[in-house]
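Peer 1: Please find one structure pasted underneath; my questions will follow.
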Amino acid sequence: MTFQEQILQGLPDKLPAKKTHPENANRAPIRKDILNKEEKQLAIQNALRYFPKDWHKELAVEFAEELQCLGRIYMYRFKPDYEMHARPISEYPAKSIQAAAIILMIQNNLDPAVAQHPEELITYGGNGAVFQNWAQYLLTVQYLALMTDEQTLHMYSGHPMGLFPSSKNAPRVVVSNGLMIPNYSKPDDWEKFNALGVTQYGQMTAGSFMYIGPQGIVHGTTITIMNAFRKILKKGETSAGKIFLTAGLGGMSGAQPKAGNIAGCISICAEVNSKAATKRYEQGWVDVLIDNLDTLILRVQKAQKNKEIVSIAFIGNVVDVWERFDKENIYIHIGSDQTSLHIPWTGGYYPVDLSYEESNDLLRNKPDTFKEKVQESLSRHAASINKHTVKGTYFFDYGNAFLLEASRAGADVMAENNIDFKYPSYIQDILGPMCFDYGFGPFRWVCTSGKPEDLKTTDLIAMQVLKKIMQNSPEEIQLQMQDNITWIQNADNHKMVVGSQARILYADAEGRTKIAAAFNKAIASKEIGPVVIGRDHHDVSGTDSPYRETSNIYDGSKFTADMSIHNVIGDSFRGATWVSIHNGGGVGWGEVVNGGFGLLLDGTEAADHRLKNMLFYDVNNGIARRSWARNKEALFAIKREMERSPNLKVTLPNLVDENLLKNLF
Ligand SMILES: NC(=O)c1ccc[n+]([C@@H]2O[C@H](COP(=O)([O-])OP(=O)(O)OC[C@H]3O[C@@H](n4cnc5c(N)ncnc54)[C@H](O)[C@@H]3O)[C@@H](O)[C@H]2O)c1
């Protein structure tokens, strides 16, 4: 059967044979065995409803085994035999080119070169699922292949509820992931309802098919590290020979060494999982691989002496590195952490003094002891960081809930007022005021022809557009504009493409709109093939997350989720090809609501209209909210936008003299 026939077939006619897993597959951690007997029976019943009755007897036993051994039912037997990767858009059997673009993006998110645990349909973050099981995948791509431009596919946490009549102007797909009644959004609720097969953790971009490999995050990480160094360097100093210590070489964290190199420092990333570290090394994302602390010390001292720009992966626990550097008196200029502390009890964070295997064993067999070990380790971790910061290290939380979980573990990370943390988050100090409040965020695109030449052409177009805009940009955003021009000029040299031909670039509403419009023109003139545009949810408007994206909102509204909900609804009727809204992202289940979109540029006038209408709202929604929260950079940006766009009328805050409040209560 051809690839196209298999896509069109959906579920196979005959029960396929059982499958073995590819050698060296990086498998998802075994999940918590949380269901009681009746709930397990319900989970099996739920899984079997995808299949004809005469398969039930055989599948019931198999699914029960998956549930018992792995904590989830993935339906491995139904994983398709074709290779999983983004193909040129013309190879997809589809009536709607928009739907074909979505299949392409789904396959990219499941490509073993891109995805963290492809067998379990997990793209990144340990739990960022595209689907819960392979039946959902097969049905979804079949629906997409069959649908017209007058239908919309509604997806509930990976489950394709079906095609509903709509219109050409409606999104082709509406996705929700992990949305819960608020009182049922504790971490164990995810374990339970995911095991039952009724919800999933979509992370930010996995469940919305917009993940483009670690490149997507390299740029944001580069901006963060570069600006972190700008905060500590004296005039005339450079970051050469200076140290950035962090942890994690997984899905997103794998971008840190490359970003460290671009920012021009010595980066050390500790990673307990040797498979993850080796994968990044083999992909050329990190320069040196070391598995011994003594060797690490010698290599770091050499790099310091020679003022090298080098990235080092240390296979081992990051706590050991912090402690040993303290003992050896190695000065850390910048420190952070990107272990997956948004899922601390399910394998996101590995405790010190236990091997990777011992931890996994404990996690499965004695989850309560594992939890204790994690908390002990976090206390030790934070204590060691505190020793370094006393010496002058600049430490920031990388939005992975490190400080939140460390505080819950009783570690010494609280500020004197006992409300704030001792250290800022990267959003509070860097990305919030310098980027998001001005509307700059992680715009991205994918060239659906799959041709590297198309990507090069789009890089060039984007650079020309930015250079032109910069000529008239106000002083306040000149640095941003310059950083992004430098980035796009060098992007191809950094060889960051993994999977589809994709690019990321921080831009504001004006930049995003003008770049997308220029792409659409180039598509119309057949210079390049169709392009999908989108963004990370981690953006100006997409995400409400009190300890991350909206941590620099200080009017008390950071615990509300109106902005992200408005964003996805607003984008959906302004031209998005697909929209998604999720509970749970980088910081944990119940801790964040985030949304995003994808929009296919096909060179038509309709696409030109859609992109202008949608991108304008997509960015300015967040700036309006940030300005209402009295953020001065956002106030500047929204006033400027109102001058440019007469149809925009935003409610502005009246600023209050704080002296007036002092004696009130
Ligand atoms: N890169 C960004 O811009 C960004 C932004 C916001 C948040 N984050 C957060 O960073 C975290 C990491 O994301 P990811 O996609 O890389 O997750 P991931 O799970 O793919 O990678 C985390 C890695 O940390 C390793 N690890 C865990 N405990 C360790 C320890 N004690 N010592 C050394 N290594 C350890 C794990 O083995 C894993 O490979 C998430 O919580 C994410 O939300 C990243």
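Just so you know, all these numbers are worked out from the coordinates, no wet-lab data involved. Computed from a predicted model, the values in this text were never measured in an experiment. Cβ placement follows ideal geometry from the backbone for every residue including glycine, while neighbour counts extend to all protein chains displayed.
Peer 1: What value, in deg cm²/dmol to 500, does the helix sum -39500 (n - 2.57) over DSSP H runs of n ≥ 4 give at 222 nm once divided by the residues of the chain?
Peer 2: So the calculated ellipticity at 222 nm is -13000 deg cm²/dmol.
Peer 1: Arrange the peptides 638-646, 104-112, 623-631, 534-542 so that the one whose residues have, on average, the most other Cβ atoms within 10 Å appears first.
Peer 2: Top of the packing list down: 534-542, 104-112, 623-631, 638-646.
Peer 1: Using the 10 angstrom Cβ neighbour count as an exposure proxy, how do Lys649, Lys302 rank, fewest first?
Peer 2: Ordered from fewest to most neighbouring Cβ atoms within 10 Å, Lys649, Lys302 come out as Lys649, Lys302.
Peer 1: Also: Can you list residues from other chains, or at least 5 along the same chain, whose modelled amide H is less than 5 Å from the amide H of Ala507?
Peer 2: Those qualifying (amide H under 5 Å, at least 5 residues apart or on another chain) are Gly441, Phe443.
Peer 1: Residues in segment 196-235 near a label at Asp420, defined as backbone nitrogen under 19 Å from the 7 Å Cα→Cβ point?
Peer 2: Inside the label zone: 228, 231-232.
Peer 1: How do Phe421, Phe440 line up, fewest other C-beta atoms within 10 Å first?
Peer 2: Result, fewest neighbours first: Phe421, Phe440.
Peer 1: Using only C-alpha atoms and all pairs of different ones, pull out the Kirkwood radius for segment 18-143 in Å with one decimal.
Peer 2: Roughly 15.6 Å, rounded to one decimal.
Peer 1: With an 8 Å cut-off on Cα pairs and a minimum separation of 6 or more residues, tell me the relative contact order of the chain in percent.
Peer 2: 13 percent.
Peer 1: Using the Karplus curve 6.51 cos²θ - 1.76 cosθ + 1.60 with θ = phi - 60°, what ³J(HN,Hα) values do you get for each residue of segment 159-171, in whole Hz, with x for Gly and Pro?
Peer 2: 8, x, 5, x, 8, 10, x, 8, 8, 4, 7, 7, x
Peer 1: Over 23 Å between Cα atoms, which of Lys231/Lys495; Lys242/Lys327; Lys32/Lys371 qualify?
Peer 2: Lys231/Lys495
Peer 1: Another question, then. Give me the net charge for the shell around Thr205: Cβ to Cβ below 11 angstrom, other residues only, Lys and Arg +1, Asp and Glu -1.
Peer 2: 0
Peer 1: Within segment 171-188, list the residues whose amide N lies under 14 Å from a label point set 7 Å along Cα→Cβ of Tyr156.
Peer 2: Backbone N within reach: 175-181.
Peer 1: Multiply the residue separation of Thr389 and Glu328 by 0.36 nm, subtract the distance between their alpha-carbon atoms, and state the gained length in nm to one decimal.
Peer 2: 20.4 nm
Peer 1: Given R₀ = 41 Å, FRET efficiency for Glu58-Ser90 by Cβ-Cβ distance, to 0.05?
Peer 2: Once rounded, the FRET efficiency stands at 0.60.
Peer 1: Could you sort 453-463, 512-522, 392-402 so that the peptide with the highest average Cβ count within 10 Å comes first and the rest follow in order?
Peer 2: Going from most to least packed, we get 392-402, 512-522, 453-463.
Peer 1: Give me the distance in nm between label points sitting 7 Å out from Cα along the Cα-to-Cβ direction at Asp368 and Leu8, one decimal.
Peer 2: The modelled label-to-label distance comes out at 5.8 nm.
Peer 1: Show me 608-620, 115-127, 469-481, 203-215 ranked by packing, highest mean number of other Cβ atoms within 10 Å first.
Peer 2: For the peptides 608-620, 115-127, 469-481, 203-215, the packing ranking is 203-215, 115-127, 608-620, 469-481.
Peer 1: In segment 405-427, whose amide N lies under 12 Å from the spot 7 Å out along Cα-to-Cβ of Asn490? List them in ranges.
Peer 2: none
Peer 1: Nearest 0.05, what FRET efficiency do Asn647 and Asp149 give at R0 = 25 Å with Cβ-Cβ as r?
Peer 2: About 0.35, to the nearest 0.05.
Peer 1: With a sphere of radius 12 Å drawn around the Cβ of Lys456, what net charge do the other residues whose Cβ falls strictly inside it have (Lys, Arg +1; Asp, Glu -1)?
Peer 2: Local charge sum for Lys456: -3.
Peer 1: Can you classify the chain as rounded, prolate or oblate using the Cα gyration tensor, where a ≥ b ≥ c are the square roots of its eigenvalues, rounded means a/c under 1.5, and otherwise it's prolate if a/b beats b/c and oblate if not?
Peer 2: It is rounded, given that a/c, with a ≥ b ≥ c, falls under 1.5.
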